[in-house]
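Have a look at the structure below before the remarks.
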Amino acid sequence: MDIKHNLSLVVALAIPVLMIVLVAGAIYLPRLWAPAPQYDFLYAVGSYPAYVVPEESKYIEHTYVVSGGRLTRQSRELAQNTLGLAYPLWRPDERQEPRFYVHDAATNTSRELTADEAGALHLEAEKESPDGFELVRGSASGGFPFFDDGGDYDTYYLRGHSVSRELNVKTGSSTFADGFTFIGWVIE
Amino acid sequence: MVTKEQLFSDITSLAGQGAVGEAEVVDAFRRGAGVPARATHARISVAEVLYYVGGAIVFIGLAVLVYQNWDQLNAAARVLATLGSAAAALVIGILLTHYPKLGRVAQAFYLIAGLTAPLGLAVAWYEAGLEVESYRTQSAMSGILLLTFGLAWWQLRQAIFTVFCIIFGTWLFFSITSWLVGEAPALDWDEYYQYRFFVTGLSYVLIGYSFAPGRQRLLTPWLYSVGAAALLGAALALGGWSPNQNIFWETIFPGLALGTIFLSIPMRSKAFLTFGSIFLMAYILKITAEYFKDTLGWPLALVLAGLALIGIGYGTFYLNKQYLAKQPTLA
């Protein structure tokens, strides 16, 4: 092909290719010099921070809070309405006790902990980790007319230093009430 | 040196295959005779339209057949009915191309192949247990189709393959760029689509320009129209809306729209004139509603916007009458 005579065609084909190269470069090049994340984090899957347990004729609400860098559980008895129901708006399957996981930043894997083990961790409940990473969800993208993969809203990423890394975390079901909840960065 | 008889025989043969058009032969003659080449519309005959309609109907029939009998067909039958049909249509088209009198009929089979192949690949992928909707799969499918139809174009130089290469290439561009940013969360997908439509529109216009002097000039009006609409539509959308407007795009948009309008004269393109005018009008309405309805009040803002639209309308009419209506246009 004579490039001189087909300059506009060459430019026409080069522009989208250039955009692909630039987008790929903007995503992958920073990985060459970005530091690896150092801090593990604790998260919950289930009804966090509060869940309700029926006990005999009472309803007990347990609520987790991070206080003084530790995960603690507070409990209280709920008042009942005339029908004896504490949570008429919640479905029973949403009242599940949360399960705790610690995510290992080095191996990108999660390990389940008991509530007591989780309570023993020293946490920092800031949005950003001490080494400059934060946890974000994927986008709920729409699709071009040719396709629609529904986005990756249920995918979580560790983002910082111009780099994003997809995380292998347990997300539970996709409903808001019992999905993934970040609790804090593990300091020690 | 070829003889006159040999030349006419070659022209007859190439015309039968659809490899050379009447306008090209006339232009070649005029160049030799020292008469300036004229810009002529390449046209599709009624028979060709019927071939294409027939091809499209065959595709619809195949798709409905597979859909209605999906549960009765096993995996092999599903792939054979879709991907197999596409391959068969492509082979039949190639065989028919070698018969000068049937060269035009081959276009219908190429159309069937081009429409059915994506469906066939999707069915094959699905039966293989792969995720058809994922961007990675979409990229692979569109890449395979682009390569296949690109090779077919390389061998046969048929305009219909160019059309499919543009469609599959656009598909590949969007799926690859979506796949890449799958690892870039919290992306503003609307803006990302706008930038990609802008790039796509620019590419279409340039491809149309490169086709204008050649035998694929039939595609130029379509490429100019789709390209100008995508480019200007994306640029207008990128401007956003107050208070989240993008000053850069809002500022350069009038230049883009006016540039498109004035480019219609040297490029002899009514598509440029039409879309440039439509988007300039849209921009004036947008800016009026965005910035002036609170300061001037809606009624006065509407009056001014209306006067501006009348001005653009007259300018468009004048340019068309003065420069485009008097000579043949390309697009």
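The values are calculated or read from the model by the stated rules, or taken from the named source; none is laboratory data. Every value quoted in this text rests on a predicted model; they were computed, and no experiment measured them. All Cβ positions, glycine included, derive from the backbone under ideal geometry; neighbour counts span all protein chains shown.
Using beta carbons and a limit of 6 Å, which pairs, at least six apart or on different chains, have the first residue in the range B:211-222 and closer than 11 Å to B:Ala159 by Cα and the second one charged (D, E, K, R)?
Every condition considered, the pairs that remain are B:Phe211/B:Arg217; B:Arg215/B:Glu24.
Residue-by-condition table, conditions (1) over 19 Å from the mean Cα position of the chain (by Cα); (2) modelled with pLDDT of 90 or more:
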| residue | (1), (2) |
| --- | --- |
| A:Thr109 | no, yes |
| A:Ala115 | yes, no |
| A:Ser129 | no, yes |
| A:Arg137 | no, no |
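If I ask for residues that are over 20 Å from B:Phe275 (Cβ atoms), at the interface with another protein chain (Cβ under 8 Å from one of its Cβ atoms) and either among the aromatic types (Phe, Trp, Tyr) or surrounded by fewer than 18 Cβ atoms within 10 Å (Cβ to Cβ) (or both), which ones from the range B:185-220 would you list?
B:Ala186, B:Leu187, B:Trp189
Can you tell me which residues in the range B:240-254 are surrounded by 21 or more Cβ atoms within 10 Å (Cβ to Cβ) and either farther than 21 Å from B:Ile312 by Cα or among the charged types (D, E, K, R) (or both)? First the steps, then the outcome.
Going through the range B:240-254, the residues surrounded by 21 or more Cβ atoms within 10 Å (Cβ to Cβ) turn out to be B:250, B:253.
Residue satisfying the conditions is B:Glu250 alone.
For the range B:223-245, what are the residues that are aromatic (Phe, Trp, Tyr) and either free of Cβ contacts under 8 Å to residues at least 40 places away in the same chain or not in a helix (DSSP H, G or I) (or both)? I'd like the intermediate steps shown before the answer.
Of all residues in the range B:223-245, those aromatic (Phe, Trp, Tyr) come to B:224, B:241.
The answer is B:Trp241, and nothing else.
Please specify each residue of the range A:62-95 satisfying the condition of being surrounded by 12 or more Cβ atoms within 10 Å (Cβ to Cβ) and either more than 23 Å from the chain's Cα centre (by Cα) or at pLDDT below 70 (or both).
Matches in the range A:62-95: A:Gln74, A:Leu78, A:Gln80, A:Leu85, A:Ala86, A:Tyr87, A:Trp90, A:Glu94, A:Arg95.
Which condition does B:Gly129 not pass, out of (1) in a helix (DSSP H, G or I); (2) at positive phi, if it passes all the others?
Result: B:Gly129 fails condition (1) only.
Count, please, the residues in the range B:118-133 that happen to be within 9 Å of another protein chain (Cβ to nearest Cβ) and either surrounded by fewer than 19 Cβ atoms within 10 Å (Cβ to Cβ) or in contact (Cβ under 8 Å) with a residue 60 or more places away in the chain (or both).
Total meeting the criteria: 3.
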